[in-house]
Structures are given as structure tokens and as C-alpha cells.
Amino acid sequence: MLFGKTILVTGVSSGIGARTAELALQMGADVIGVDRRKPAGVMGSFIEADLSSQAAVEALVARLPQRIDALANVAGVSGNTGAALTLAVNFYGLRALTEAVAPRLREGGAVVNVASIAGFGWRANLERAKDLAGVQGFPDVATLVREFGIPDGLGYPVSKEALLLWTFRAAHMPLFRARGIRVNAVSPGPVETPILQEFRAVLGDARVESDIARVGRAGTAPDIAPAILFLCSDGARWINGVNLPVDGGLEASVAAEAMGF
Ligand code: NAI
């Protein structure tokens, strides 16, 4: 499915990004990994970059090859460093990278955004998500967070709500659609990676434990990576603008409860 393809994977030095890169390499792809930290082992080629500013994104893009088949946006932070940095990395940095990489994505290529079950509230918070996703360019995120009154504890879910809404919209933006580039999201539930301990601190143990209890266990990075790579592949060529929950049924359970059945 991915033999000979070039896949750009952010967040490659840990957890879901690391497993995505490893599996893509096993499937015969060339992987360009990006992270703010160096990976422990050798995994394709690697570019160190911090995706929290426009300047860093531009410097990264200048080092990328002209032709890329798919971009897997996996890098993310938990929210424990405040709402501004969380929105900068999880949404505005991701979006800036994706828009800058778009001209290098081959016709029919793919973008996969790793969102989260934490973004489930995008419908309930639609106006805020629309406004945040509607801000052009890479804003001064600290000012934006103040203007929107987003407390630090909400930075993570708000970032993922904006990301989901933008994913649906991007699938129809000429920048992507005119060249047949598909834009989809994958939304994990709790996954046993280093970030999960941080979620426990930000969201509380009870919330994390209740999510795990609904589906019997936490996910693992190997549970998530195949879904990301499927959406990167031509096997998903008619799948565009979707959010694929990869969570053992957690979103179905939460949605059923929210709809009262
Ligand atoms: P992780 O903490 O193991 O990996 C995240 C990676 O992103 C790290 O290697 C980190 O260095 C990198 N990163 C963070 N900020 C960066 C920046 N400014 N620039 C470049 N790289 C940066 O966490 P995990 O679980 O692999 O998370 C991957 C994605 O999955 C994230 O977007 C996260 O929000 C999402 N997710 C994770 C869940 C979980 O329970 N583990 C649940 C739902 C979504």
C-alpha cells in the first residue's frame, strides 16, 4: 500500500508517531520524521523542528523534498503547558505546516490529522471552533487565548475541536481539493504513551479511567498507526473529510450517552 511512497510524520520521536514511522518503513515507505526532540533510534530521515511558530514551520518546509505522498500530523502536546502553546502546536502549527506542504504533496496525496476523542465537543462548541479555525495565518496565540477567554485546562479539547472542524473544511479547500489531496482525521481515545500521564494530570485520573473502563483497556500506539497509514494510502482514495475514531468504541459509547439511548 505504501511501497515507495514518501511519508512525512510529525511527532516521530515518541508514541503514536514513532509507531507510525516504524510501520510505514516496514511497509516499504520512505519516512521523513519531524519532532522537537531527536528520536531514540534511527527511523528514516529526521529533521528537528518545533512546530509552535510560523518561523520554525517555514524553516522546516525549506528542508523538505519537492514531492511528498502523504503528511501524517501526529505531534501534539497535552495542555499541561498552557492553552496558548497547546493551540499553537496542536492546531495553528499543524495547519501552517499542512498548508505549506500542500504544494509539495503529489496529486491524489493525503493529509492525516491526529485529533482526539477530546475534540468530541466540536458540535456543542461549534461557534468557538469556527471562530478559532477561521483565524487566518499563524496568530499571536497568547493574545487570541485571552480574547477567547480559554482557560489553560481547556486548551487541549479546544485545540482538537478546532482541528476537527478545520479537517472537514480543508477537505473542500481548493488548496487540497483542486489536486485531489484528501484531508482526514484519526481520533484516538486514551493510548498508553508518555502523554497519557500528562492527561491524567490535566483532565484528572477519573476522566481517563472512565474512558478506559468504557472500552475495557487503553489503546496502544500499534492500535492507532495502521489507521493513520491506511488513510495515507491509495486504499483510502475515496475517503475524504472524515474523522475516524480509533478508540475501541469509546466515541460510539459517548455519543450514545449524549443522544440518550
Ligand atoms: P507522545 O507524547 O508520546 O508524542 C508526542 C510527540 O510530539 C513527542 O515526540 C513530542 O516531542 C512531539 N511534539 C510535541 N510538541 C512538539 C512541537 N512543538 N514540535 C514538534 N514536535 C512536538 O504522545 P502520543 O500519544 O504519541 O500523541 C500523538 C498525538 O496523539 C497527539 O496529537 C495527541 O494529542 C494525540 N492523542 C493521544 C492520545 C493518548 O492518549 N496518547 C489520545 C488522543 C489523542
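Can you name every residue in the range 90-117 that is surrounded by fewer than 24 Cβ atoms within 10 Å (Cβ to Cβ), within 12 Å of the ligand (Cβ to nearest atom) and over 15 Å from L8 (Cα atoms)?
Within the range 90-117, just I117 meets the criteria.
Determine which single condition H172 fails, assuming it passes every other condition in (1) under 30 Å from A70 (Cα atoms); (2) modelled with pLDDT under 95.
(2)
With the requirement that a residue be assigned to a helix (DSSP H, G or I) and either exposed (fewer than 15 other Cβ atoms within 10 Å of the Cβ) or modelled with pLDDT under 95 (or both), what does the range 132-151 give you?
Within the range 132-151, G134, A142, T143, R146, E147 meet the criteria.
Considering only the range 207-223, how many residues are surrounded by 14 or more Cβ atoms within 10 Å (Cβ to Cβ) and among the small types (G, A, S)?
So the count comes out to 3.
With the requirement that a residue be within 13 Å of the ligand (Cβ to nearest atom) and part of a strand (DSSP E or B), what does the range 177-224 give you?
Hits for the range 177-224 are A185, V186, S187, P188, V191, G219.
Under 9 Å between Cβ atoms, which residue pairs at least 6 apart in sequence (or on different chains) link something in the range 205-222 that is closer than 18 Å to A252 by Cβ with a partner that is assigned to a loop (DSSP other than H, G, I, E, B) and among the hydrophobic types (A, V, I, L, M, F, W, C)?
Qualifying pairs under 9 Å: D211/A218; I212/A218.
Would a scan of the range 65-77 turn up a residue that is modelled with pLDDT under 95, β-branched (V, I, T) and in a loop (DSSP other than H, G, I, E, B)?
No, that holds for no residue.
Any chance you could count how many residues in the range 78-89 are β-branched (V, I, T) and either surrounded by 24 or more Cβ atoms within 10 Å (Cβ to Cβ) or part of a helix (DSSP H, G or I) (or both)?
So the count comes out to 2.
Would it be correct to say that D50 is touching a Lys or Arg at 6+ places or on another chain (Cβ under 6 Å) and in contact (Cβ under 8 Å) with a residue 60 or more places away in the chain?
So D50 fails the test.
Does the range 99-119 include one or more residues that are more than 21 Å from C232 (Cα to Cα), touching a residue at least 24 places away in the same chain (Cβ under 8 Å) and either touching a helix residue (DSSP H, G or I) at 6+ places or on another chain (Cβ under 9 Å) or in a loop (DSSP other than H, G, I, E, B) (or both)?
Yes; the residues of the range 99-119 include at least one that is more than 21 Å from C232 (Cα to Cα), touching a residue at least 24 places away in the same chain (Cβ under 8 Å) and either touching a helix residue (DSSP H, G or I) at 6+ places or on another chain (Cβ under 9 Å) or in a loop (DSSP other than H, G, I, E, B) (or both).
Per-residue answers, yes or no, for (1) within 14 Å of the ligand (Cβ to nearest atom); (2) of a type in the set (V, I, T); (3) in contact (Cβ under 8 Å) with a residue 40 or more places away in the chain; (4) surrounded by fewer than 16 Cβ atoms within 10 Å (Cβ to Cβ):
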position	(1), (2), (3), (4)
G15	yes, no, yes, no
R19	yes, no, yes, no
E22	yes, no, yes, no
G33	yes, no, no, no
G41	yes, no, no, yes
F46	yes, no, no, no
Q66	no, no, no, yes
L71	yes, no, yes, no
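Of the conditions (1) assigned to a helix (DSSP H, G or I); (2) over 18 Å from the mean Cα position of the chain (by Cα); (3) within 10 Å of the ligand (Cβ to nearest atom), A55 satisfies every one except a single condition; which number is it?
Condition (3) is where A55 drops out.
Here's the yes/no breakdown for (1) within 28 Å of P139 (Cα to Cα); (2) crowded, with 16+ Cβ neighbours inside 10 Å:
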{"site": "S159", "(1), (2)": "yes, yes"}
{"site": "A162", "(1), (2)": "yes, yes"}
{"site": "H172", "(1), (2)": "yes, no"}
{"site": "N184", "(1), (2)": "yes, yes"}
{"site": "P194", "(1), (2)": "no, no"}
{"site": "D205", "(1), (2)": "no, no"}
{"site": "A225", "(1), (2)": "no, yes"}
{"site": "G235", "(1), (2)": "no, no"}
{"site": "W238", "(1), (2)": "no, no"}
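Going by the conditions given, is T167 touching a helix residue (DSSP H, G or I) at 6+ places or on another chain (Cβ under 6 Å), among the β-branched types (V, I, T) and touching a residue at least 24 places away in the same chain (Cβ under 8 Å)?
Taking the combined requirement at face value, the residue does not satisfy it.
The values are calculated or read from the model by the stated rules, or taken from the named source; none is laboratory data. In this text the structure is predicted, and so the values were computed from the model without any measurement. All Cβ positions, glycine included, derive from the backbone under ideal geometry; neighbour counts span all protein chains shown.
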